[in-house]
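The values are calculated or read from the model by the stated rules, or taken from the named source; none is laboratory data. Owing to the predicted nature of the structure, the values given are computational and were not obtained by experimental measurement. Positions of Cβ are generated from backbone atoms using ideal geometry, with glycine treated the same way; all protein chains shown enter the neighbour counts. Heavy atoms of the whole protein, side chains included, go into the accessibility calculation; ligands, DNA and RNA do not. Shrake-Rupley method; radii C 1.70, N 1.55, O 1.52, S 1.80 Å.
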Amino acid sequence: MNSSTPARRRPGRRVAVAAGLVLALGLGAAAQASAAAPNSVGAEARVSSPSTAFSDSDASLSGRQMIRVLKSLLPKGAKISDQQSQEGYGALVWDDGRGKSLIGVNAQEDMGDVLEGRMGCDVGQYIECQALTLADGTQVKRAKRASEKGGSAVVWLVDTLHPDGRRVIVQEVNSYAESGPVTRPQPPLSLNRLQAIALDPRWAG
């Protein structure tokens, strides 16, 4: 990212965008501190009900578009309920008859500076984690972690950061909410499937 990008010209906006991601994905206190202070080490995102709308986001898709794209990328035949959306964010409860799962996605632009050096696997934060860089320079984090809500649910996620600063995170929980009771042994989609969803070009608008 060069010095002419919006993220470098508007550092205040960059922090606001990171804070919007914190609110939309329900990050913990450590990640909120990271959004407020970009040089600190951040925690990973997790899907939950958004507590506020993006008031200063560079997301290119509306909430309705986010839900439409997410639905189109999920396996067919499941029951979908409890849809939540706002600009750059969409989540729903997906039930294939084997138990409900909360699945959510967040897409934002100009996140390269905010996430510089933070797409690796922090020791002790994950049950499993793999960080890799694709041939086109896109950074990908594939991870599984325990619920941060104190329950027994687990979260599987794929976090992607493209060379142009566009970030897409897709996450799923083996419950209808991260704080809810476990509804199935594990989330329904493989990390490969989550990665394919996160890398779909339709998130770019």
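What accessible surface, in Å², does a 1.4 Å probe find on Ser179, ignoring ligands, DNA and RNA and rounding to the nearest 10?
Rounded to the nearest 10, that gives 80 Å².
Taking Lys71 as the anchor, which lysines have their alpha carbon closer than 22 Å to its alpha carbon, excluding any fewer than eight residues away along the same chain?
Within reach: Lys79, Lys100.
Under 20 °C and 1.002 mPa s, how fast does the stretch 136-205 diffuse according to Stokes-Einstein, given a Kirkwood radius computed over C-alpha pairs? Answer in µm²/s, whole number.
168
Which value, in debye to the nearest 20, gives the size of the charge dipole of the stretch 63-205 about its Cα centre, when Lys and Arg are +1 and Asp and Glu are -1 at the Cβ? Don't skip to the answer; put the middle values down first.
Values: 18 positive and 17 negative charges, 133 e Å.
It comes to approximately 640 debye.
Along the charge dipole of the stretch 89-175, Cβ charges K/R +1 and D/E -1, which of Leu157, Ala91, Ala146 sits furthest on the positive end?
Ala146
Beyond 21 Å, what share of the Cα-Cα pairs of the stretch 69-205 is found? Please give it as a whole percent.
For the stretch 69-205, the share of Cα pairs beyond 21 Å comes to 40 percent.
Can you list, bin by bin at 5 Å, the percent of alpha carbon pairs in the stretch 86-125, starting at 0?
6, 16, 14, 15, 19, 17, 9, 4, 1
Where a ≥ b ≥ c are the square roots of the eigenvalues of the C-alpha gyration tensor, would you call the stretch 81-157 rounded, which needs a/c under 1.5, or, failing that, prolate if a/b is larger than b/c, or oblate? Walk me through the intermediate numbers first.
On the way: a/c = 2.05, a/b = 1.35, b/c = 1.53.
Oblate, because a/c is 1.5 or more while a/b does not exceed b/c.
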